[in-house]
Structure formats: C-alpha cells, structure tokens
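Presented below is the structure to which this report refers.
The values are calculated or read from the model by the stated rules, or taken from the named source; none is laboratory data. All values derive from a computational prediction rather than experimental measurement. Reconstructed Cβ throughout: ideal geometry from the backbone, glycine too, with neighbour counts over all protein chains shown.
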C-alpha cells in the first residue's frame, strides 16, 4: 500500500504543474495549448508503441483498443473541453470548487464499485475535503464568484458538473480495467492511451481546420522567437511529464490501492497546484488557504489510518 500511496503522490505532484505551466505560455489560446500538449503526448506515445512493437509482439486485444480510445476521449477531450467552458462561462472559483469535488465523488463511486469502506466511514473525510475546498477558494469567492449572465453561469455550472462526472467515471473504470488485466504493463497502457489521444487530436485538428481555421494561428510558429520556444517547452512538459509520466504513475498506483482510497488521495493534486501557484505568484497563502489545505490533508491521513486499522483487524488471528 505504501508504494501505491507514493505513486499517487508523485502523479499528483506532476499533475499540479498543469495549473501553472500554461501561465508562462502567453500569446497562445487555451485551444492551442491543449492541442500542443496532446500532440506531444500522442507523438511520444506513437513512437514508444512502435518501439515496443519492434522489440516483440504486443498482446493487444480488441477490448484494449476500444477502452484506450474511450478513455482518451473521455479524459483528454470531453473532460478538458468542459472544464475550459466552465472556467469561461461560470467563474474560476465555482469551477475550482466543483472540480475539486472529484476526490469525494471518486471515493464514493469507487467504493460503490469496489467495497472497501463502509459509506458511513467516508462521510467524515468527504465532509472535511469539502470544507477544505471551500476555505482555499474563499478569497476567490469574495472577489468574484458569479458570471455576468445567468445563462452563462448555468452553462458553466453544467459543464463543471459534466467534467467532474467524466473524470470520476474514467478514474474508476480505468482502475477496474487494470485490475481485470494484471498482465498489462502500466507503461504500455499509458502509451496506448496516448496513441488513442493522438488519433482524437488529429481528428479534432482536422475538424477545427475545416469549421473554423481561425482557432489555430500558424503564423505564431517561429522557431527563432522566444515566445514560441517557451510555448514549445511548455507543451513538452505538459505532454511528456504531465500526461505520459503522470498517467504511468497513476495506472501503476491503480493496481495497488483500493479505488476509494486512490480517489481521496487525488486531493493532493489540488494541494500541490496551490503550492505551485503561490510560488509563481510570489505570495504567502492567507490563513483560510492554509487552514483549508491542512483540513484536506487531515481527511486523507484519517482515511489511511482507517484503512490500516481495518487491515490489521482482518489479519488478526481468530482465537477459539
């Protein structure tokens, strides 16, 4: 279990970069950043898949191909698109609060699919995580939490809910799939999802080019401009480090931990993201942000303690 926890923490640390790296990629739209990130992820995965195939025959079933395409569509296209729409139509504070509920929704849904805890035992840590999320976003709510239009707000709210639902379903379904296929290497699975992502991004890029070519400005591609070099570096970090390495660590951890516990541990993505944001902004977190992070960490530590206690009770010999 310790190895699984460490792998999740490493994945969350890497995923925390997703929230700060785009801040340095000024002059490029959100769509261009997403396209660049997933192109790097996809191209690396295609090269790795060819290398693995060259080394020896890969045992890839039709189910694996279907699942890779489905998971890539849900987590890299639907999830991120609805998240961006939520940020633009509702507000960052509301979106952060709703998307931050994923540790709770994953824990509850994962526990429903793979019973590890009693649902009563999940009530306290879930409530603490929710309280912590509210506290870390309190200052943002005080500044501006509502959009200019009720219609835009409702659209953004709906997109945020869809994003959480998509991510929750993916995490649980992916963990179940990996547990059913213990012989599938995590590196191969991360590569297959990346290759499937490349297919979706290529299809999306062609579609956008036909429908609205203005969404991609090719004139920005200048190998000798500092702005483009920073953009390219950011895409490589997001695509290789955050997407491939982060996926590999998460897939490996999913085979070692109960789904409910892994879901609660994803709260560290929010914590690491906040730490990175504080560092980039060069500011010290306010009291409510510190208290919120402390409460979320306390909730996860409590869950680990409950699981370890339950494990010891199961392992204790029965005296007759």
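Assorted remarks:
- Pairs with Cβ under 9 Å, 6+ apart, first in the range 75-88 and on the phi < 0 side of the Ramachandran plot and without any contact (Cβ under 8 Å) to a residue 60 or more places away in the chain, second surrounded by fewer than 19 Cβ atoms within 10 Å (Cβ to Cβ) and part of a helix (DSSP H, G or I): 84/30; 84/31
- Answer from 177, 141 - the residue that is in contact with a helix residue (DSSP H, G or I) (Cβ under 8 Å, 6 or more places away or on another chain), at pLDDT 90 or above and surrounded by fewer than 20 Cβ atoms within 10 Å (Cβ to Cβ): 177
- Condition met for residue 243 (without any contact (Cβ under 8 Å) to a residue 12 or more places away in the chain and out of contact with any strand residue (DSSP E or B) (no Cβ under 6 Å at 6 or more places or on another chain)): no
- Restricting the search to helices (runs of 4 or more DSSP H) fully inside the range 223-276 and requiring at least 3 residues that are buried (at least 24 other Cβ atoms within 10 Å of the Cβ) and modelled with pLDDT under 85 gives 259-265.
- Helices (runs of 4 or more DSSP H) contained in the range 51-120 and holding at least 1 residues modelled with pLDDT under 85 and farther than 28 Å from residue 34 by Cβ: 102-113
Here is a yes/no grid of residues against (1) within 22 Å of residue 263 (Cα to Cα); (2) buried (at least 17 other Cβ atoms within 10 Å of the Cβ); (3) touching a residue at least 60 places away in the same chain (Cβ under 8 Å):
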site	(1), (2), (3)
21	no, yes, yes
63	no, no, no
68	yes, yes, yes
103	yes, yes, yes
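- Any chance residue 297 is surrounded by fewer than 18 Cβ atoms within 10 Å (Cβ to Cβ), within 15 Å of residue 13 (Cα to Cα) and either in contact with a helix residue (DSSP H, G or I) (Cβ under 8 Å, 6 or more places away or on another chain) or modelled with pLDDT of 75 or more (or both): yes
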